[in-house]
Amino acid sequence: MKMSKPDFETFLAESLSNSEAHIAPEKELWQGIEKAISNPAVEQRQSSVWPKLVGIAACSVAALLSVQLVFTRPAHDTSVAMSDFFAEQKQTLLVQYQNQPALTDNWQQQLAELEDAERAIKQALENEPENSALLKMLAQVYQQQLDLINKVHAPKWQTI
């Protein structure tokens, strides 16, 4: 059943006229209302402090961890890692070609000269460990050593 606006207003007017004009509460409510209004404000102020303190503490911990990671990151010595890698590669090639005859007699002298260059670059890297030019030179010397071993034992014209 659909109730129209005049019907609702009539119902409301009748309900208000039939009810008592003043309904008195069974007990005094103003003290309870006043306590309910004043106490949550104090509790709310106290409870709103904790989330702020927790947020500040979390931000502080995150900042300290970030600083710790940025300033005390482990020292990664690029030249040592590169040296280990190429030494392993060089040793693998020497073992692989140990039974094959070399095409030239002075390849070991050339390899020794390249090893001297390697030592000189490593010495320079002790003063400037992250110098990119020196690191590139070291990588080139290592590559020249590997290329020398490969070319002396397995030249391209023999592997066609």
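Not counting ligands, DNA or RNA, and with a 1.4 Å probe, what is S15's accessible surface area in Å² rounded to the nearest 10? Spelled out: S15, probe radius 1.4 Å, area about 50 Å². The E28 and V67 beta-carbon pair, evaluated with R₀ = 45 Å, returns a calculated FRET efficiency of approximately 0.15.
The values are calculated or read from the model by the stated rules, or taken from the named source; none is laboratory data. As the structure is a computational prediction, the values presented were derived from the model and not from experiment. Quick reminder, even Gly has a Cβ in these numbers, built from the backbone with ideal geometry, and neighbours come from all protein chains shown. Please note that ligands, DNA and RNA were not included when accessible areas were found on the heavy atoms of the full protein model with its side chains. Shrake-Rupley method; radii C 1.70, N 1.55, O 1.52, S 1.80 Å.
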